[in-house]
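J.: First the structure, which I've put down as structure tokens, then a few questions once you've had a look.
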Amino acid sequence: MAVIGGGVIGLELGSVYQRLGSEVTVIQHTDRICPFLDEEVGKAFQNSLKKQGLQFALNTKVNSGVNRKGQGVKLNLFNTKDNKEVALDVDVCLVSIGRHPFTGGLGLENTGVQVNDRGQVVINDHWQTKVPHIYAIGDVVQGAMLAHKAEEEGIAAVEHILGEGGHVNYDAIPGVIYTNPEVANVGKTEEELKKAGIPYKKGVFPFSANSRARTNMDSDGLVKILTHAQTDKVLGIHILHTMAGEMIAEGVLAFEYGASAEDIARTCHAHPTLSEAFKEAAMAAFDKPIHF
């Protein structure tokens, strides 16, 4: 199986088919998968998927493809780094190169609701369209296409309609890649902080040093916390582990309330739990961990 697109959906579905027994090659035009991820975490993520058997063709574009009607698919690939062409023969090809809002056929042109060139509904800061009594949220408007983002917008939009304000902190919307292991994050990456010239510190703690993870024989992954070098305020949280999607909730809460790494490090975490790795990463950012 070939998966065109090394983003969230391509990796989620590709990893599922790989675990079901397919030989999967992920084709990505950049030099790494999910280039929006923190680079250190992204590399660890790719290495974990490689160990499971996923193959990656990076810096690679698809020039053309031929569906041979029952005899599989032939893809003509071009490696932009080596300037080489290569043919890849697979049984089936999954195209996963992005999503767009499904607003066609809704008759919006008859309402006065404005859409942009991507089909997204244009709204103001209160999720209100050009037609004052029509509001839009979720996948049909700009921003991350995430169910939990849509849920927060829905609540905030109704609060605004009722005259009670309504606010969504878009900086504190977590992202989760539902592979095995999962990747979860909130806030800034290390690369974004460097680009912005923000002084920072980082704390990294591997699950290989976490007792619960070792007992569960599930110790692949890490927790990475980025903080402001002067204030110790948490700026970014990145987790790679089977339970990352569950663990990120603590990070989002800390991020939402402007916690420092010391705040997290001085909060008692139950033992033995995976969440101790979160505490230890905070300790590493603030000072140093005690179990690694």
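The values are calculated or read from the model by the stated rules, or taken from the named source; none is laboratory data. All of these numbers come straight from a predicted model, not from anything done at the bench. Virtual Cβ from ideal backbone geometry, glycine too; neighbours counted across all protein chains shown.
J.: Looking only at the stretch 146-165, decide whether some residue is touching a Ser or Thr at 6+ places or on another chain (Cβ under 6 Å) and surrounded by 20 or more Cβ atoms within 10 Å (Cβ to Cβ).
T.: No, the stretch 146-165 contains no residue that is touching a Ser or Thr at 6+ places or on another chain (Cβ under 6 Å) and surrounded by 20 or more Cβ atoms within 10 Å (Cβ to Cβ).
J.: Name the single residue, out of those in the stretch 234-264 being surrounded by 24 or more Cβ atoms within 10 Å (Cβ to Cβ) and small (Gly, Ala, Ser), that is nearest to residue 201 (Cα to Cα).
T.: 261
J.: Something else: Tell me which residues, restricted to the stretch 147-185, are over 18 Å from residue 123 (Cα atoms), in a helix (DSSP H, G or I) and among the charged types (D, E, K, R).
T.: Answer for the stretch 147-185, where residues must be over 18 Å from residue 123 (Cα atoms), in a helix (DSSP H, G or I) and among the charged types (D, E, K, R): just 171.
J.: Condition first: touching a residue at least 60 places away in the same chain (Cβ under 8 Å) and either surrounded by 22 or more Cβ atoms within 10 Å (Cβ to Cβ) or within 21 Å of residue 218 (Cβ to Cβ) (or both). Now tell me which residues in the stretch 28-41 satisfy that.
T.: 37, 38, 40, 41
J.: On the basis of being in contact with a Leu (Cβ under 8 Å, 6 or more places away or on another chain), of a type outside the set (Phe, Trp, Tyr) and not assigned by TED's automatic domain parsing to the domain that holds residue 13, does residue 198 make the cut? If you could, list the steps in order and put the result at the bottom.
T.: Values: in contact with a Leu (Cβ under 8 Å, 6 or more places away or on another chain): yes; of a type outside the set (Phe, Trp, Tyr): yes; not assigned by TED's automatic domain parsing to the domain that holds residue 13: yes.
So residue 198 fits the description; yes.
Every residue, every condition in (1) part of a helix (DSSP H, G or I); (2) within 22 Å of residue 79 (Cα to Cα); (3) more than 16 Å from the chain's Cα centre (by Cα); (4) in the same structural domain as residue 89 (by TED's automatic domain parsing), yes or no:
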{"site": "6", "(1), (2), (3), (4)": "no, yes, no, yes"}
{"site": "15", "(1), (2), (3), (4)": "yes, no, no, yes"}
{"site": "23", "(1), (2), (3), (4)": "no, yes, yes, yes"}
{"site": "26", "(1), (2), (3), (4)": "no, yes, yes, yes"}
{"site": "29", "(1), (2), (3), (4)": "no, yes, yes, yes"}
{"site": "34", "(1), (2), (3), (4)": "no, yes, no, yes"}
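J.: Of all residues in the stretch 206-243 being of a type in the set (Ser, Thr, Tyr) and within 16 Å of residue 287 (Cβ to Cβ), which is nearest to the chain's Cα centre (by Cα)?
T.: Narrowing the stretch 206-243 to residues of a type in the set (Ser, Thr, Tyr): 208, 211, 215, 219, 227, 231, 242.
The next check asks that each one be within 16 Å of residue 287 (Cβ to Cβ); those that pass are 227, 231.
Values: 227: 20, 231: 27 Å.
Here the residue is 227.
J.: Let me ask something additional. Just one of (1) over 13 Å from the mean Cα position of the chain (by Cα); (2) farther than 24 Å from residue 138 by Cβ trips up residue 181, so point out which.
T.: Of the numbered conditions (1) over 13 Å from the mean Cα position of the chain (by Cα); (2) farther than 24 Å from residue 138 by Cβ, the odd one out for residue 181 is (1).
J.: As an exercise: evaluate residue 19 against (1) crowded, with 16+ Cβ neighbours inside 10 Å; (2) in contact (Cβ under 8 Å) with a residue 60 or more places away in the chain; (3) farther than 20 Å from residue 191 by Cα and give the number of the one condition it does not meet.
T.: (1)
J.: Name the residues in the stretch 98-146 that are touching a helix residue (DSSP H, G or I) at 6+ places or on another chain (Cβ under 7 Å), β-branched (Val, Ile, Thr) and in a loop (DSSP other than H, G, I, E, B), would you? Show your work before the answer.
T.: Let us first name the residues in the stretch 98-146 that are touching a helix residue (DSSP H, G or I) at 6+ places or on another chain (Cβ under 7 Å), namely 101, 103, 115, 120-121, 126-127, 135, 137-139, 143, 145.
Next cut, β-branched (Val, Ile, Thr) only: 103, 115, 121, 137.
Those that are touching a helix residue (DSSP H, G or I) at 6+ places or on another chain (Cβ under 7 Å), β-branched (Val, Ile, Thr) and in a loop (DSSP other than H, G, I, E, B): 103, 137.
J.: Name every residue in the stretch 43-91 that is without any contact (Cβ under 8 Å) to a residue 24 or more places away in the chain, touching a Phe, Trp or Tyr at 6+ places or on another chain (Cβ under 9 Å) and in a helix (DSSP H, G or I), in order of residue number.
T.: Result: 46, 50.
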